[in-house]
Amino acid sequence: VANQSRLDTFFKAK
Amino acid sequence: MFEARFPEALLLKKILESVKDLVQDANFECTESGITLQAMDNAHVSLVTLLLRGEGFDLYRVDKPESLGINLNSMSKIMRCAANNDTVTLDKLEGADTVRFLFESPNADRMSEFHLKLMDIDSETLEIPESMYHAEIELPSAELRRIVSDLSTMGDSVRISVSKEGVRFTVRGDEGSGSVILRQSTGVDKPEEAIHIVMNEPVEQSFALKYLNLFCKAAPLSARVQIKLSKDAPLLVNFSMNNIGYLSYYLAPKIGD
């Protein structure tokens, strides 16, 4: 089953 | 003082239609160079970025950078009161807690105005790295919308694979499966319908169709769309708006498939 990842994993907060 | 005049309400209406189902509240950052917006959906799965360059407006003036916190649903309700070909002027005086929407008919015989209360939105801005993508595809936006909508009949997620044979969109569901393959166009008789595929490396990723369907609401903004993929990175779906700017979406992949 594929899990949905979150954008925070890839992009850091400025 | 901030003031920006859109030559046609239709553009702003289309932008709102493309964003309001993903994001409820957003800050419109208004600087000398133009208006930008960056916002994530509540689940932090997708992100929308908008750029409207100052030079794309009929009139554009920003004395001091302003951040306009706006409920997009309220703004959308106001924009529905404008005729598609009305000009729209947004303005805000320094220190004011509202933004004014002024609609003027093309022959200047009708004017209406609405004042929208601004909100304090505590939003987190993400740093989006300039990535080298493994594959870039440019296609008609209506084609992408059709693929996403067709595949949604069979399942919740689509696997996008780019290889030498082209780009394949695959869905699997309880009832069965389906796929669409697009190949690089040969010949240039209808450039607006062409499919361009640039593959630096084969790449394969899965994405939630629910979000792709929402992104495709931006299809009326641009005849063409670019999608860019990298292994283990969010998908980029970009709609360019000729001389004025762009509306881009990022979507986190499904992992562990």
Exercise. Condition test on B:Asn84, is it buried (at least 17 other Cβ atoms within 10 Å of the Cβ) and under 24 Å from B:Leu214 (Cβ atoms)?
Worked result: no
For this session: Residue by residue through segment B:118-139, note down the ones that are closer than 30 Å to B:Leu90 by Cα and in contact (Cβ under 8 Å) with a residue 40 or more places away in the chain.
Result: B:Leu118, B:Met119, B:Asp120, B:Ile121, B:Ser123, B:Glu124, B:Thr125, B:Leu126, B:Ile128
Seminar exercise, completed: Of B:Val167, B:Val158, B:Val180, the only residue that is in contact (Cβ under 8 Å) with a residue 12 or more places away in the chain, within 14 Å of chain A (Cβ to nearest Cβ), assigned to a strand (DSSP E or B) and closer than 23 Å to B:Lys254 by Cα is B:Val158
For this session: Please specify each residue of segment B:126-155 satisfying the condition of being small (Gly, Ala, Ser) and part of a strand (DSSP E or B).
Result: B:Ala135
Seminar exercise, completed: Within segment B:235-257, the residues that are facing another protein chain (nearest Cβ under 8 Å) and not in a strand (DSSP E or B) are B:Ala252, B:Pro253, B:Gly256, B:Asp257
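Per-residue answers, yes or no, for (1) surrounded by fewer than 17 Cβ atoms within 10 Å (Cβ to Cβ); (2) among the charged types (D, E, K, R):
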{"position": "B:Leu22", "(1), (2)": "no, no"}
{"position": "B:Phe28", "(1), (2)": "no, no"}
{"position": "B:Ser33", "(1), (2)": "yes, no"}
{"position": "B:Ala39", "(1), (2)": "no, no"}
{"position": "B:Gly56", "(1), (2)": "no, no"}
{"position": "B:Arg61", "(1), (2)": "yes, yes"}
{"position": "B:Asn71", "(1), (2)": "no, no"}
Exercise. Looking at segment B:242-255, which of its residues are modelled with pLDDT under 95 and more than 22 Å from A:Lys12 (Cα to Cα)?
Worked result: B:Asn242, B:Asn243, B:Ile244
For this session: Give the number of residues within segment B:28-77 that are within 13 Å of chain A (Cβ to nearest Cβ) and farther than 24 Å from B:Ile227 by Cβ.
Result: 1
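The values are calculated or read from the model by the stated rules, or taken from the named source; none is laboratory data. None of these values were measured; they are calculated from a predicted model. Note that each Cβ is placed from the backbone with ideal geometry, even for glycine, and that neighbours are counted across all protein chains shown.
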